[in-house]
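See below for the structure under consideration.
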Amino acid sequence: MRLLSHNMLSSNIKGVSNGFPLRIEAEKVVVKQVDLNVGFLKNMFPKIEWKALVEASRTMGYAELPEEVEPSKLDSGDFLQKFHHALLELVLEEGALVCPETGRRFPVSKGIPNMLLHEDEV
């Protein structure tokens, strides 16, 4: 699961009011090379919850993103490369996503998060 996906996911358990961001428990992280697409990054930037991306990337062993960022950084090739790497190349292969409110663990296996809820959680 790429951090792009992680940044869009939240816990939908019945009664949960704060299901974002899901905490990452990483067992296996891999890097999968992806061609840099500057236009895509610039279009996605306003949609990304930056603090969640920074925390998630650090959990996965990548600490190169700044704590805060302004849109003007999108003109920096160095920043775009770091943003690209964190968002699209870091892959949570095995581990879990954890609801910040309930502690419910959603397993991630072979890069695919299982977000299915139990009957009593719907």
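The values are calculated or read from the model by the stated rules, or taken from the named source; none is laboratory data. Here the structure is a predicted model, which is why all the values come from computation and not from measurement. Every residue, glycine among them, receives a Cβ derived from its backbone with ideal geometry; neighbour counts consider all protein chains shown. Surface accessibility is based on the protein's heavy atoms, side chains included, excluding ligands, DNA and RNA. Shrake-Rupley method; radii C 1.70, N 1.55, O 1.52, S 1.80 Å.
Against the condition in a loop (DSSP other than H, G, I, E, B) and either within 21 Å of Leu9 (Cβ to Cβ) or not hydrophobic (A, V, I, L, M, F, W, C) (or both), how does Leu116 come out, does it pass? Working first, answer last.
On the way: in a loop (DSSP other than H, G, I, E, B): yes; either within 21 Å of Leu9 (Cβ to Cβ) or not hydrophobic (A, V, I, L, M, F, W, C) (or both): yes.
Answer is yes for this residue.
If you take the residues in the range 1-30 that are closer than 15 Å to Glu55 by Cβ and β-branched (Val, Ile, Thr), which one is surrounded by the most Cβ atoms within 10 Å (Cβ to Cβ)?
Of everything passing the filter in the range 1-30, Ile24 is surrounded by the most Cβ atoms within 10 Å (Cβ to Cβ).
Identify, from the list Asn43, Asn12, the residue that is of a type in the set (S, T, N, Q) and farther than 21 Å from Ile112 by Cα.
On the way: Asn12 fails: farther than 21 Å from Ile112 by Cα.
Only one candidate passes the filter, namely Asn43.
Mind counting the residues in the range 45-85 that are assigned to a helix (DSSP H, G or I) and over 11 Å from Asn7 (Cα atoms)?
Qualifying residue count for the region: 18.
For the range 73-122, which positions are closer than 15 Å to Val31 by Cβ, among the aliphatic types (A, V, I, L, M) and either open to solvent by 70 Å² or more (accessible area, probe 1.4 Å) or touching a His at 6+ places or on another chain (Cβ under 9 Å) (or both)?
Scanning the range 73-122 gives a single hit, Leu92.
Among the residues of the range 18-30, which ones are within 13 Å of the chain's Cα centre (by Cα) and not in a loop (DSSP other than H, G, I, E, B)?
Step one: list which residues in the range 18-30 are within 13 Å of the chain's Cα centre (by Cα), which gives 20-26, 29.
Result: Arg23, Ile24, Glu25, Ala26, Val29.
Glu70 - would you say it is in contact with a helix residue (DSSP H, G or I) (Cβ under 7 Å, 6 or more places away or on another chain), more than 13 Å from Leu97 (Cα to Cα), open to solvent by 80 Å² or more (accessible area, probe 1.4 Å) and among the charged types (D, E, K, R)?
Working: in contact with a helix residue (DSSP H, G or I) (Cβ under 7 Å, 6 or more places away or on another chain): no; more than 13 Å from Leu97 (Cα to Cα): yes; open to solvent by 80 Å² or more (accessible area, probe 1.4 Å): yes; among the charged types (D, E, K, R): yes.
In short, no.
Any idea which residue in the range 31-53 is farthest from the chain's Cα centre (by Cα), counting only those that are of a type in the set (A, V, I, L, M), farther than 19 Å from Leu92 by Cα and open to solvent by less than 80 Å² (accessible area, probe 1.4 Å)?
As a first pass, look at the range 31-53 and keep what is of a type in the set (A, V, I, L, M): 31, 34, 36, 38, 41, 44, 48, 52-53.
Add one more test, that the residue is farther than 19 Å from Leu92 by Cα, and what stays is 36, 38, 41, 44.
Keeping just the survivors that are open to solvent by less than 80 Å² (accessible area, probe 1.4 Å) gives 38, 41, 44.
On the way: Val38: 19, Leu41: 14, Met44: 13 Å.
Looking at the filtered set, the residue picked out is Val38.
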